Every structure is written in structure tokens, then in C-alpha cells.
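Notes follow once the structure below has been shown.
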Amino acid sequence: MEESKSYLVEITSKAEQYYWNLLADLYENHSITSANKKSDEIMELAISLKTNPHRGSLEEDLASFNKEFRSLIYKITKRKTVKIIYFIEESTEKVYVTDFFATLMNPLKKKKRN
């Protein structure tokens, strides 16, 4: 059996800021128990990119950048999701998480943030 490749997941400083903003919103609009659970699950989903990071969907609206951005979706509520946006650097076997993007946000902001 072939051993699967493992990547190092790095969360950029900007993505970390976006994550903290997201947490502020979670704790403001959800119970502490629910916000704790959701924040843990979002981070676990980001870290899970260490195995099979190619599973995320391509972000077509970010195609103008020199990176192939991908995303994973985390459902917060029926109407609100978070996109974990990232790119893969094959040469260094690293995954760079660049954003935790709440989908209720203005989609035009996504290009500016990444």
C-alpha cells in the first residue's frame, strides 16, 4: 500500500485575522457551546488539508491570481457558510490558508482579501 503524501498547513496572518473576526461573529450570534463547537470544527477542517488538499473546489473568481485557489465549505447555519480559501505549494508541500470567508459577505471583497 502506498503511503499518502502529507502537507504542512500554514494559516497566513491575514487569514488568522479573518478567523478572529469570524469567531467574534460566532460568539455574538450563537450560544457559547455552539460557537465553541463551530470554531473547533472550522479549524479542524482547515488543518485536515494536510491530507488530500486537492479535494477542495477551485475558486474560479480568483483565477486571475497566479495561484490556483481552492476552498472547502463549512456550514454554520442553513443560510450561512464559511469558505476556507487556500492554495497548494507543491514544491514545498505546503498548503496556505488565506481566508475564512463568510458567504453572506459581499463576494467582491473576496478578491481583495486574497
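Assorted remarks:
- Applying a DSSP loop filter and a limit of 11 other Cβ atoms within 10 Å to the trypsin sites (Lys or Arg not before Pro) in segment 1-98 leaves K5, K78, R79.
- Highest-fluctuation residue, I42, I76, I84 considered, GNM on the chain with Cα pairs under 10 Å: I76
- Loop GluC sites (Glu not before Pro), segment 1-97, which have at most 16 other Cβ atoms in a 10 Å radius of their Cβ (DSSP): E2, E3, E68, E90, E93
- Angle in degrees between helix 13-29 and the longest Cα principal axis of the chain, rounded to the nearest 10: 30 degrees
- Comparing T103, T92, T51 in a Gaussian network model of the chain, where Cα atoms under 10 Å apart are tied by springs, the biggest mean-square fluctuation is seen for T92.
- The chain: angle of helix 32-47 to the longest principal axis, Cα-based, in degrees nearest 10: 10 degrees
- Compactness of segment 8-113, expressed as Rg and Dmax over alpha-carbon positions, Å: 13.4, 42
- For the chain, built as a Gaussian network whose Cα springs stay under 10 Å, the top-fluctuating residue of N36, N52, N66: N66
Read-outs: derived from the displayed coordinates by stated rules, not from any lab. The structure displayed is predicted, hence computed values, not measured ones. Backbone-built Cβ (ideal geometry, glycine too); neighbour counts: all protein chains shown.
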